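Report on the structure given below.
The values are calculated or read from the model by the stated rules, or taken from the named source; none is laboratory data. What you see is a predicted model; the values in this text were computed from it and never measured. No Cβ is skipped: glycine too gets one built from the backbone with ideal geometry, and neighbour counts run over all protein chains shown. Protein only, heavy atoms only, side chains kept; ligands, DNA and RNA dropped before computing areas. Shrake-Rupley method; radii C 1.70, N 1.55, O 1.52, S 1.80 Å.
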Amino acid sequence: YVSLGPALSLSPLTHPQGAVGVAYTGSTFRAAGGVPGYTWGLQNGTNADGLSINAGTGQLTGTPTAGGVFPMVVVLTDASGAAVNATFTLNVLGVSTTTLPGVTVGSAYSQTLAVVGGTGTLNWTVKGTSLPPPGLTLNSLGQITGTPTASGTYPFVAQATDSATQLSATQ
């Protein structure tokens, strides 16, 4: 009987929320057991969407490119070649509304913006000085309402801020 020591394991499997377009520096994965000299990686096919793991330190970093709740599989290999993997879920805040239907001047309008990956109550604002058409407003719940008084194309940037993390995503 030969004992190789404690079994190889990795932790933690919970990490802070991220947001689309915001540099992410999550917790560093930690190794235990096995033979020191660890290498970290993401399993092939893992949807990292702008994130990568440092092979030498186990730190997950990058800038998320898509919002949602993503299962990610981390693979830890020790110096003897033994490997273990574990799945964790990463929550990335992102605005999922990308276009809005048109409206006719003088007609009532109501649309609600949506997000994916949020964990707390959202607060919506218009970012910058660009506003929707005259007569329409965006409230803190993400609802665009009112009756437009002018025609034209009105690009604007909406921002959702998650109360639980204070992270924001824009579209």
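For the condition open to solvent by 50 Å² or more (accessible area, probe 1.4 Å), touching a Phe, Trp or Tyr at 6+ places or on another chain (Cβ under 9 Å) and β-branched (Val, Ile, Thr), what is the one hit in THR39, THR14?
So the residue among THR39, THR14 that is open to solvent by 50 Å² or more (accessible area, probe 1.4 Å), touching a Phe, Trp or Tyr at 6+ places or on another chain (Cβ under 9 Å) and β-branched (Val, Ile, Thr) is THR14.
What is the residue count in the range 134-144 for residues that are under 25 Å from GLY117 (Cβ atoms) and in a strand (DSSP E or B)?
Residues flagged as under 25 Å from GLY117 (Cβ atoms) and in a strand (DSSP E or B) within the range 134-144 amount to 3.
In the range 116-133, what count of residues is obtained for those that are under 30 Å from GLY106 (Cβ atoms), open to solvent by less than 50 Å² (accessible area, probe 1.4 Å) and either in a loop (DSSP other than H, G, I, E, B) or in contact with a Cys (Cβ under 6 Å, 6 or more places away or on another chain) (or both)?
Qualifying residue count for the region: 2.
Considering only the range 146-171, state which residues are surrounded by 16 or more Cβ atoms within 10 Å (Cβ to Cβ) and either part of a strand (DSSP E or B) or within 21 Å of the chain's Cα centre (by Cα) (or both).
Passing the criteria: GLY146, ALA158, GLN159, ALA160, THR161, ASP162, THR165, LEU167, SER168, ALA169, THR170, GLN171.
Listed here are the residues, each with its yes/no results for (1) open to solvent by less than 40 Å² (accessible area, probe 1.4 Å); (2) over 18 Å from VAL22 (Cβ atoms); (3) more than 20 Å from the chain's Cα centre (by Cα); (4) at pLDDT 95 or above.
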| residue | (1), (2), (3), (4) |
| --- | --- |
| VAL74 | yes, yes, no, no |
| ALA86 | yes, yes, no, no |
| GLY102 | no, yes, yes, no |
| SER107 | no, yes, yes, yes |
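How many residues are in contact with a strand residue (DSSP E or B) (Cβ under 6 Å, 6 or more places away or on another chain) and open to solvent by less than 70 Å² (accessible area, probe 1.4 Å) if we restrict to the range 89-100?
Qualifying residue count for the region: 8.
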